[in-house]
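Reading through the structure tokens given below for one structure.
The values are calculated or read from the model by the stated rules, or taken from the named source; none is laboratory data. Because the structure is predicted, anything quoted here is derived from the model rather than measured. Neighbour counts are summed over all protein chains in view; Cβ atoms, including those assigned to glycine, are modelled from backbone coordinates with ideal geometry.
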């Protein structure tokens, strides 16, 4: 597993924890020992940047996601699926990560944390957001 792949997974876990415990993402990164779990300093900097971009643009990102859902409503998304979609949209739209990379990594997280059906769902939503626009 690549460094950024591990970083995406760790960030997802920290963002989920932040939503659950009310602490900031940065506080959860420290609580969950980011420096030992992600030893590469460059990856840690990138993760922090991604976390900030998501938080600073969350309303806009959530609106994009909501507009891209077909026969589904935003409030029906599981918390994990929502977090995965937000991260992928932020990667492409704010950090210039190529759409295929953002989608592949998001699908990987969705399959790992929620199963193959969610992976397919995430793929379809991100295709509408990041590729077809």
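Of the residues that sit in segment 1-41 and are free of Cβ contacts under 8 Å to residues at least 12 places away in the same chain and within 25 Å of residue 98 (Cα to Cα), which one is surrounded by the most Cβ atoms within 10 Å (Cβ to Cβ)?
Top of the filtered list is 39.
When you go through 71, 93 one by one, which is the residue that is surrounded by fewer than 21 Cβ atoms within 10 Å (Cβ to Cβ), at positive phi and either out of contact with any strand residue (DSSP E or B) (no Cβ under 6 Å at 6 or more places or on another chain) or part of a helix (DSSP H, G or I) (or both)?
After ruling out the rest, the residue left standing is 71.
List pairs: first in segment 49-60 and more than 19 Å from residue 74 (Cβ to Cβ), second surrounded by fewer than 17 Cβ atoms within 10 Å (Cβ to Cβ), Cβ under 8 Å, 6+ apart or cross-chain?
Cβ pairs passing all conditions: 49/95; 50/95; 51/26; 53/95.
Restricting attention to segment 108-115, does a residue exist that is closer than 15 Å to residue 54 by Cα, touching a helix residue (DSSP H, G or I) at 6+ places or on another chain (Cβ under 6 Å) and either modelled with pLDDT of 95 or more or in a helix (DSSP H, G or I) (or both)?
No - not one qualifying residue is present in segment 108-115.
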